[in-house]
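The values are calculated or read from the model by the stated rules, or taken from the named source; none is laboratory data. The structure displayed is predicted, hence computed values, not measured ones. Neighbour counts run over all protein chains shown; Cβ positions are idealised from the backbone, glycine included. Only protein heavy atoms, including side chains, enter the accessible area calculation; ligands, DNA and RNA are left aside. Shrake-Rupley method; radii C 1.70, N 1.55, O 1.52, S 1.80 Å.
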Amino acid sequence: MVETTTQGRVKCNIDAAIFESEKCFGAGFCLRDDLGQFLIAKTAYQHGVPKPAVAAMSFIKFLLVLPLLF
């Protein structure tokens, strides 16, 4: 079951995983509308071993420009 949000708002779920032995990390996000309907998702990986919060925040720049894509 998908938890919905306030009408007219978008919900964003972000997750990240760090692979220390491979010296890389991956992160991704999923956007859903106020009805819980899927809008867009993106995943990627990068080299490096950041702190967990930095890994999860790696998509903030993309999220900030996302409205320009619609």
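Some observations on this one:
- Local electrostatic count at residue 33 - Lys and Arg +1, Asp and Glu -1, tallied over other residues with Cβ under 9 Å: +2
- Distant-in-sequence amide contacts of residue 34, defined by a placed amide H-H separation under 5 Å and a gap of 5 or more residues or a different chain, comprise 8, 9.
- Which of 33, 15 is most accessible, then next, and so on - probe 1.4 Å: 15, 33
- Excluding same-chain neighbours fewer than eight residues apart, the aspartates and glutamates reachable from residue 11 by a Cα-Cα span under 19 Å are 3, 33, 34.
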